[in-house]
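Okay, structure first, notes after.
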Amino acid sequence: MTFEIKKIGIIGAGQMGNGIAHVCAAADYEVVLSDVSEDRVRSGLATITGNMARMVARGKLSDEARKTALDRIKPSVGLARLADCDLVIESAVEKEDIKRKILVDLCAVLGPRAMIATNTSSISITRLAAVTDRPERFMGIHFMNPVPLMELVELVRGIATGEETFEASKAFVRRLGKTYSVAEDFPAFIVNRILLPMINEAVYTLYEGVGTVEAIDNAMRLGANHPMGPLQLADFIGLDTCLSIMQVLHDGLADSKYRPCPLLVKYVEAGWLGRKTQRGFYDYRGEKPVPTR
């Protein structure tokens, strides 16, 4: 029999974590949303509340369902309240050392039968699983951003991931109403292995003066029918996350074609990380976004 998941813990109340909490609560799971401070948890809950309100306004969710879903989400500062969860999804910043520390601390409080998943978009599942006390119950469950709107979830097994864990993960994704693709445990998996080098190449195109920010984004929107230009998309993802993924690809595959563009590095060093800091390839501080180059 497949392991039954009833209660979900989510570590990280940021852009991805609050989106995962949103879809889990909407699928009738009990949810514990955890972060390192009350302010971060409160901000995550406010985002969920606002997103659900917009769904009600568009007729995609009833007001009663919205209230019920919000009631299922319990806030938590720290990891202690995750102890009785059946599945805990780590959704912290895309830095391996931070994720490893969180996973070690989590194992100290989590019940022995519980599953652990990571929402990493690029880091080795096998390596992260190895720091836990249950690598056979560890899985990569990578959601796309924004989680409530994007249909795909990548499922990635580590070398030690057990069949029961894999089957339970597939059932979990299906209950969320999403579709999964199974990826092998290679750097950046499927989506970001293809997407991030394209974004990095767009940054190189800007860096080399081939086109302006607007020219590059308009070319890909109108010439390749992309819903967002690659530089606009990079700002949406977060330039620090883009850089981290490119570094994982460059280090893990040892191929110069994955070298992060120096301009991307410079923007991150400046703290211009995209929408979340109000400046990236566009400046978002005015009434409408303005290109920064």
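Values quoted throughout were computed directly from the atomic coordinates according to the rules given, and no laboratory measurement underlies them. Quantities reported herein were computed from a predicted structural model and do not represent experimental measurements. Counting neighbours? That spans all protein chains shown, and the Cβs are built from the backbone with ideal geometry, glycine included.
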For the stretch 139-202: rounded, prolate or oblate by the Cα gyration tensor [a/c cutoff 1.5]: oblate
Formal net charge of residues neighbouring A202 (Cβ-Cβ distance under 14 Å; K, R +1; D, E -1): -3
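Where does the stretch 1-132 land on Rg(C-alpha)/(2.2 N^0.38 Å)? Show your work: numbers first, answer last.
On the way: Rg = 14.8 Å, N = 132, 2.2 N^0.38 = 14.1 Å.
With N residues counted in the stretch 1-132, Rg over 2.2 N^0.38 Å equals 1.05.
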Separation of alpha-carbon centers, the stretch 57-98 and the stretch 176-220, rounded to whole Å: 28
At R0 = 45 Å, FRET efficiency that the Cβ-Cβ distance of V109 and R54 yields, to 0.05: 0.80
Percentage of interatomic Cα-Cα distances in the stretch 61-103 larger than 17 Å: 52
Angstrom value of the Kirkwood radius, inverse mean 1/r, which spans all Cα pairs in the stretch 193-291: 13.4
Computed FRET value (nearest 0.05) for S43 with R221, which takes r as the C-beta separation and R₀ as 35 Å: 0.70
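List the pairs from K95/K288; K6/K178; K74/K178; K95/K257 whose alpha-carbon separation is above 28 Å, in the order I gave them.
Details: K95/K288 32 Å; K6/K178 17 Å; K74/K178 23 Å; K95/K257 22 Å.
Correct reply: K95/K288.
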For the stretch 227-278: Kirkwood Rh in Å [reciprocal of mean 1/r, alpha carbons]: 11.3
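So what's Rg/Rh here for the chain, counting alpha carbon atoms and using the Kirkwood radius for Rh?
0.97
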Excluding exposed DSSP-loop GluC sites (Glu not before Pro) (at most 15 other C-beta within 10 Å), longest clean stretch of the chain: 5-150
